[in-house]
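In what follows, a single structure is set out as structure tokens and then discussed.
The values are calculated or read from the model by the stated rules, or taken from the named source; none is laboratory data. Model, not experiment: these values are computed from the prediction. Cβ placement follows ideal geometry from the backbone for every residue including glycine, while neighbour counts extend to all protein chains displayed.
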Amino acid sequence: MRILHVDTERGWRGGEQQLLYLVKGLKGKGFEQAVACRAGDELERRCRELGIKVIPLKGNQSSDCLRVAAVGKEFDVIHAHAAKAHTISALSKRFHRKPVVYTRRVDYVPRKNPVTRLKYRLTDRVVAISEPVKEVLERELPFLKGKVTVIPSSVDVKELDENVNPKKVKEIKRELGGKPLIGTLAALTEQKDIPNLINAAEIVLTEVPSAKFVVFGEGKLRRELERLIEKKGLKEKFLLYGFVKEVQNYTKALDLFVLPSRNEGLGSSLLIAMALKVPVVATETGGTVEAVKDGETGILVPPENPGALAEGILKLVEDENLRNRLTENAFSLILNKFSVSAMVDSYVELYREVKGG
């Protein structure tokens, strides 16, 4: 079977990591595949390193739609991995005439316009990465009932563990300082709600002045966030570090991982932290609740509530026994529910269904 993956996103985020996990797993099972993605971007580079065929896209919706329409004819299934990729994959179906699968990773309400409804109607199967994502889709677009399958995001625990460099982790800890070092891996977007973490940090630092906060990630809100940090007098205590490639080392350097999102399909960075046995505090939103069980695998707090977020952080900072118990439980959950092999097998079954055997 031949699979064409389409991802038009710029940069490297959780969705791109999940795509790479899938591509590697399918390659091991002998699938023929190619990845259509932005020319010169990180996803293209990593695919080429794996020996995966790449079809360069320009980031222009019209030209990219024509490109997928032409090359899609050579494949059995077209799998879109992001919203714009979904648009060009579905709208070009008239020409490539292949089944279209779309993986949706966010839990917010789809736009209500004719194009959105059309592209979902043209899609043969939608994959939701969590039950809350599925519920939103079926509630807002009732015609999707029976067409949405839940396949959770995954973590390659073995690969993560093998790629952790203890020396590098120590260097990062030494560079950043902070006792404890508290942070997150997240794009600087509205969805991730970094102001929530900044406001919580202000509260935490009054109780634990030796702490330091860091965000590994980049995005369009950097200047706005820098102004907020400066306004609160936290320049020495809250760092916007920027994009990092070795996520396993930077995550492992944290004493506490925080996901402060407004909404979340199922955060890949959260799963990575849990797999690396870093204790987590997260907002109770979307698919997060499928990984973080309050008081069992982490601490859950209401979204957009800096006071509650600070309270959750302080609870873990102050209780070593609780941290140890939560991280062991979280690690077991990752092994049992969020393995890459299970995710790949689920997609293989799905591809066979939409292709008709």
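Before moving on, here are some points about what is shown:
- Some residue of region 111-120 being of a type in the set (Ser, Thr, Tyr), in a helix (DSSP H, G or I) and either at pLDDT 95 or above or not assigned by TED's automatic domain parsing to the domain that holds Val289 (or both): yes
- Test: residue in region 199-220 that is among the hydroxyl-bearing types (Ser, Thr, Tyr), surrounded by fewer than 20 Cβ atoms within 10 Å (Cβ to Cβ) and closer than 24 Å to Glu320 by Cα: yes
- Checking each residue of region 347-356 against the condition of being of a type in the set (Ser, Thr, Tyr), within 18 Å of the chain's Cα centre (by Cα) and in a helix (DSSP H, G or I) gives at least one match.
- Only one entry of Thr103, Thr87 meets the criterion of being assigned by TED's automatic domain parsing to the domain that holds Gln18, closer than 22 Å to Met1 by Cβ and not aliphatic (A, V, I, L, M), and that entry is Thr103.
- Residue in region 249-260 that is modelled with pLDDT of 95 or more, within 22 Å of Val109 (Cα to Cα) and not in a helix (DSSP H, G or I) present: yes
Each row is one residue, and each column tells you yes or no for (1) in contact with a helix residue (DSSP H, G or I) (Cβ under 9 Å, 6 or more places away or on another chain); (2) buried (at least 19 other Cβ atoms within 10 Å of the Cβ).
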{"position": "Leu122", "(1), (2)": "yes, no"}
{"position": "Arg125", "(1), (2)": "yes, yes"}
{"position": "Ala128", "(1), (2)": "yes, yes"}
{"position": "Phe143", "(1), (2)": "yes, no"}
{"position": "Pro152", "(1), (2)": "yes, yes"}
{"position": "Lys168", "(1), (2)": "yes, no"}
{"position": "Glu171", "(1), (2)": "yes, no"}
{"position": "Lys179", "(1), (2)": "no, no"}
{"position": "Leu188", "(1), (2)": "yes, yes"}
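- Of all residues in region 270-295, those satisfying the criterion of being of a type in the set (Val, Ile, Thr) and not in a strand (DSSP E or B) are Ile272, Val278, Thr285, Thr288, Val289, Val292.
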